[in-house]
Each structure stands twice: as C-alpha cells, then as structure tokens.
Amino acid sequence: MSDNSIHAVAALQAVGSKRGRDWPKHLVIWLILALQLLPLYMMFQISFKDNTEFLTNPWFPLLPWHWHFDNFVYGVKLIGPYIGNTVFIATVSASCTIFLATLAAYFFARYKMPLSNVLWSIFLVLMLLPAIANIVPLFMLLKSMNLLNTLQALIVIAMAGGQVFNTFILRNFIEDLPKDLFEAAEIDGASHFQQIINIVVPMSAPIIGTLFILSFLGQWNDFMMPLIVLRDRELFTLGVGLVYLNGEYVKQWGQIMSAFMVASIPLIIIFLFCMKLFVRGLAAGAVKG
Amino acid sequence: MPATIISTRKALRQWHLYLFVVPSLLLIGTFCYYPAISAIIHSFFDWQGSDQMQFLGLDNFKRALADPILRQSFGTMCILVVANFFKMVPAILLAVVIHRLTSDKWQYWYRVLLIVPMVVPGLVSLFIWKFFFDPNLGIINNAFDLLHIKHMLVWLDVNWFHSGTFRMDAPISWLSEPRLIIPSLIFWGFPWVGAVSVFIFLAGLQGIGTEVYEAAELDGASPFQKFTHIELPLIMTQVRLNVILMMIGALQDYGLQFMLLGGNGGAGMKGMVPGLWMFNRAFLAGEFGYACSIGIILFFLILLMTYINNKYIRVDK
C-alpha cells in the first residue's frame, strides 16, 4: 500500500469513526439541556393544573382533555395590562435609543470636528464606569424632576443607559460603509438626515435589528428600576407585576404558572420570527466579549 | 471610510453638525454623569433624602470599613464567586461537546435551544426557581424524597455534623434556614449553562480547524487529551474573561438575592451581598448618604476589575 492510500484510509476512518461516536455527545448535550430546560417544562405543565392535581402529580403533564384553560383566562387578565405597559416602554425606548445613537454614531463616523475627540471620550469613559453607585442619586433626581411614578422616567433612563453601547457599535459599523455612497448622495443634494434614512439605515439594518432586540430584551427583563420608580398599579411593568404577583397569590400555583407563561409568550413569538437575529446578536456579543 | 476632517474655521459654519450628538450628550449628562457626581458628593454627607445635609468628611467610609454587615456581605460574595468558578465547568463541557459535533445543523439547533431559556423573562425563571425551593410544594424537596437523598442528608447531619439543619420530621426549608441560604444561592440555576457563557466559549473554540483534530486523532490522542491539549489552552482567554465578568457581576448584581430573600438578605442576613446592603440602607433605612458611600466603594472595586480586564486579560486584542 502506498503512502497516499494509507492517508486516504486513515482520513476515511477518522470521518467514519467521528460519525459513529457522535451519539454519546448528543446524549451529554441532551442531558444538560434537559436539566437547563426543566424550569420551562415545569412552568408549562403546571400552568394547566389546579393545586390538587399538582400535589398528586407534580412531575408529569396532564392529558390534554384535562387541561385547565381557565388558568390562562386568569393569567391574561392579571398580566395583560402589565404586558401592555412593558411593550410600550420597551418599544419606545428601544426605538428612541437607537435613533439617537444612530445620529451620534453618524456624526462620529463621518466627521472629525474640533472637540470630536473630547466628545467621544465622554462616551467611552461611560463604557468603563460602572453605574452601581448611580441608583440612589438617580432616584432623587427623578423625584426632583417629578418623574417618579411615570413611564417616561423608565423610558429616558433606558435611553440614556443605551446611548454609549449602541453608539459605539453603530459608529464602527458606519465607518465601514463605502464613502462613495455618501459622496454621491451629497452631490445629489441629500441632507444629512436623508443620508441617514436612505444610506445608513438600509445598509446597517441587520445590526440595527440586533441592537433593537438587545435593547428590547433589556427593558423586558428589567425590574429593579420599575420597582423603585413605579407606585400605581395601572403603570406596573411586567417586572413589578410579577414581583407583586409572587408576593400575593401564593396559593394557586397553576394560575401563577399560567401568568408566567403569559408573560413569556410575547418574547417567544418575537423569538420565533427573529431567531437568526437572536443567535447572531448573542454570538456577536460573545465575540466582542 | 475615513472621517472627513473639518477645521475649526469650517466648523463655525457647520455648527449644526454638532446637533447630531447633542441629544445623546444631554441624556448621558443628565442620567449618567450627574448621578455619578452626585453620588461622590453625597457620600461625604449625612443625607436622609431631604435638602438638609450635614457634612461628615470621611465618616461614611470609616463606618463602611467597620460595618460588620458589609464585611459579612463581602464574605458571602467571595463564597459565591469561588463557587462560580466551579459553576463554569458545565458550560465549558457543553461548549466543547457542541463544538466537537460534526453536524453544523445540530450545532445551530443546540444554540437555539440554549437561547430558549433567555427568552423567558429573567424574573419568571427566578420565581420558578424560588418555587422549586419551596419547602412544602417545591420539586427539589420532592425529588430529594423520591431519590432518598434526604435520608442521606439527615443521616450525615445526625452522625457527623450535628447541626440540626436536616431533620426527618420537617421539610428542608432551603431559603429560610440560615445555614442553607448560601448553598441554595449556589445551587440556584443548576446546571448553570447560560447561553452567554457557552457562546463565549464557543467563540473561542471556533478558531480550531478540523485538521487539528485529524492530526490529534492520527497521533492517537484520547478525547480527554484533546481537551487538555487543544481546547482548554485555546479557551483560556475566554475563561479568564468569564471570570472577570463574573466578579464584576457579583459586585453589582443583587436582584437575585433581593427577589429570593427580600431586602434584608434572608434569615440572619446570610444572603446579604454588598449591592443589596447599599439598596437596603438607601431605600429601607433612608440613609442615602451612607448608601452612596457603599456605592462608591463598589464603584472603585468594579473599576479595578475592569482595569485588570483591559490591561491583562484582553492582551490578544
């Protein structure tokens, strides 16, 4: 047997053996993922039970014809208004954040004006400074601005908090766009605003989508700020609503779990439609570290 | 695209360009810089939240250094950080196994499955875990009964530790028994494979080509040798990055402790962490000035971590 054919056989064996030995890997992955997904499974199956069914049979789902859909009626009634508030805050703040960040990123990417560097370092410094000490003075600031117990407070804080990261990412992206495009647009007499709408936004749509989702997720999951800012029940966001739900209705687990399900459904729907954006956004975040 | 340079004289005519950054600057000035500066100033004052303040000099910081609860909270935090080292193991294992799969399709779908728990609001998974820990209804106690782990724990306790933590006649109360609070916090989120950390490790592993594996296989390397000689060295940067991110997270996160145990950190304040103590002093005790000074101490610790991260960890960037 010649040298070449030995290599060929070895390569074939390597490929063949790899395929043959893939099932233990799948087993390990499924085992870990099963444990990781256990909370979601429990939430799903308990949400269809009442307390006695849960106590006699905590682990396994009921047969579909025994499901208590009235739990969900309760869940929607309870969580629905909170979801409305949260969707409002998350959409408005994510859109405004990214709009303003795009403007700022456009400025930094295209022009080098006097003071540009100073202004840029004002942004960069915040990337490094932790915000932990801010929460107490922020509360006082909102109090003196009469913004306590309003949804606007949450929106402006989210907008301010998102400026640095989004501007940073968008600036890098806009800098990589070909200059000819902007020059051609300028010859045609396009204003800066038109250039942003017609060049920057279409060309960086994927990154804008990813940033929008990240910022939306951040608002959706936040509960510390709403908990400090909001007092009135009508204004509660999902986070505060869930905290109060957890405190009040300790008895009916089926109803609580169905409320949790209802709280998760909007994001699950978004996730199904933008799975690629989620996976890519997280992978990009991971590479950036 | 290189940025167009605009000279000072030209800038006077094109001043309106600055309007593009003004909104962002106003926002971060008001809601990021002003509170930070205000926190520094107020950390030197006795401030109960009103306009009246009394200058204390460094008294707040002296008090913080001597504060037994703050010390205890840093101890708790250190235990949680050390535990987090071991909690990285399943994420590394999972990333390596996913990376070794030959099928790209499966790799993609496992990533999707990893993200699924992230789609559920963080609070919901937090409360589901709180429900798992429930002494009477929680499924952890249920599983421990089914698998006879409780018998074992009681036997160990009676014969070896004599702490009286585990008793046959009472359900294990994970979150209200002081001795069990820290173990519960550590166990929380088992098996600890968050999408972000797995993705960070996967990003590090991506650099390894198949030919490296083929070469290793020709040399007869076992799967474990492949891990120690190929994969682990390549993800060491990511491991160190994860460690730093984790320590920064431990310094500034207190939502978990607040939600599971309440503003006082549970029975005996066992679950108190520094961030929660700051929150507690400000919003439960009304000592805003003292809370600011705790915040400033945490601020400098996080800054130190970030500095170490940028200086020593991200050398390859």
Checklist line | Computed FRET value (nearest 0.05) for A:MET203 with B:GLN206, which takes r as the C-beta separation and R₀ as 22 Å | finding: 0.25
Notebook entry, point to check: So, in Å, what gap is there between the alpha-carbon centers of segment A:162-188 and segment B:136-166?
Noted result: 61
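Can you compute the equivalent ellipsoid semi-axes for segment B:2-92, i.e. the square root of 5 times each eigenvalue of the Cα gyration tensor, sorted largest first and rounded to whole Å? Before the final figure, lay out the partial values.
Working: eigenvalues 365, 162, 23 Å².
Sorted largest first and rounded, they come to 43, 28, 11 Å.
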Next item on the list: Using label points projected 7 Å from each Cα along Cα→Cβ, tell me how many nm separate A:GLU186 and A:LYS77, to one decimal.
Entry: 6.3
Next item on the list: List the pair-distance distribution P(r) of chain A, using every Cα-Cα distance, as the percent of pairs falling in each 5 Å bin from 0 up to the bin containing the longest distance, rounded to whole percents.
Entry: 1, 5, 9, 10, 12, 12, 11, 10, 8, 7, 6, 4, 3, 2, 1, 0, 0, 0
Margin query: Using only the alpha-carbon atoms, what does segment A:181-279 span along each of its principal axes? Please give whole angstrom values in decreasing order.
Written below: 69, 31, 17
Notebook entry, point to check: Roughly how many nanometres apart are two label points built 7 Å out from the Cα toward the Cβ at A:LEU35 and B:LEU218?
Noted result: 3.8
Next item on the list: For segment B:61-125 and segment A:203-267, write down the distance between their C-alpha centroids in whole Å.
Entry: 21
Check: For chain B, what does the equivalent ellipsoid look like in terms of its semi-axes, each the square root of 5 times an eigenvalue of the Cα gyration tensor, given largest first in whole Å?
Finding: 39, 36, 18
Next item on the list: Take chain B, connect every pair of alpha-carbon atoms lying under 10 Å apart with a spring to form a Gaussian network, then pick out the residue of B:ILE115, B:ILE294, B:ILE181 with the largest mean-square fluctuation.
Entry: B:ILE115
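Calculate how large, on average over all directions, the projected area of the Cα convex hull of the protein assembly as shown is; give the answer in nm² to one decimal. Don't jump to the answer; show the numbers that get you there.
Values: hull surface 142.6 nm².
For the protein assembly as shown, the mean projected area of the Cα convex hull comes to 35.6 nm².
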Margin query: Compute a Gaussian network model of chain A, connecting alpha carbons closer than 10 Å, and tell me which residue from A:LEU154, A:LEU227, A:LEU119 fluctuates the most.
Written below: A:LEU119
Notebook entry, point to check: Each label point is 7 Å from the Cα along the Cα-to-Cβ direction; what then is the distance between the points at A:LEU63 and B:ASP46, in nm?
Noted result: 7.2
Notebook entry, point to check: What Kirkwood radius, in Å to one decimal, follows from the Cα pairs of segment B:109-190?
Noted result: 14.2
Notebook entry, point to check: For chain B, modelled as a Gaussian network with Cα springs under 10 Å, which listed residue fluctuates most, B:VAL81, B:VAL89, B:VAL239?
Noted result: B:VAL89
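For A:ALA131, what is the net charge nearby, where nearby means another residue's Cβ is under 15 Å from its Cβ and Lys, Arg count +1, Asp, Glu -1? Before the final figure, lay out each step's value.
Values: positive: none; negative: A:ASP222, B:ASP253.
After counting each charged neighbour, the total is -2.
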Margin query: Just to confirm a number: summing +1 for Lys and Arg and -1 for Asp and Glu over residues other than B:ASN142 whose beta-carbon lies under 12 angstrom from that of B:ASN142, what do you get?
Written below: -1
Next item on the list: Can you put A:SER264, A:SER95, A:SER121 in order of Cβ neighbours within 10 angstrom, beginning with the fewest?
Entry: A:SER121, A:SER95, A:SER264
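We did not get these values from a lab; they are worked out from the coordinates using the rules stated. Only a predicted model underlies this, so the values are computations on that prediction, with no experimental measurement involved. Cβ coordinates were reconstructed from backbone atoms using ideal geometry, including for glycine residues, and neighbour counts include every protein chain displayed.
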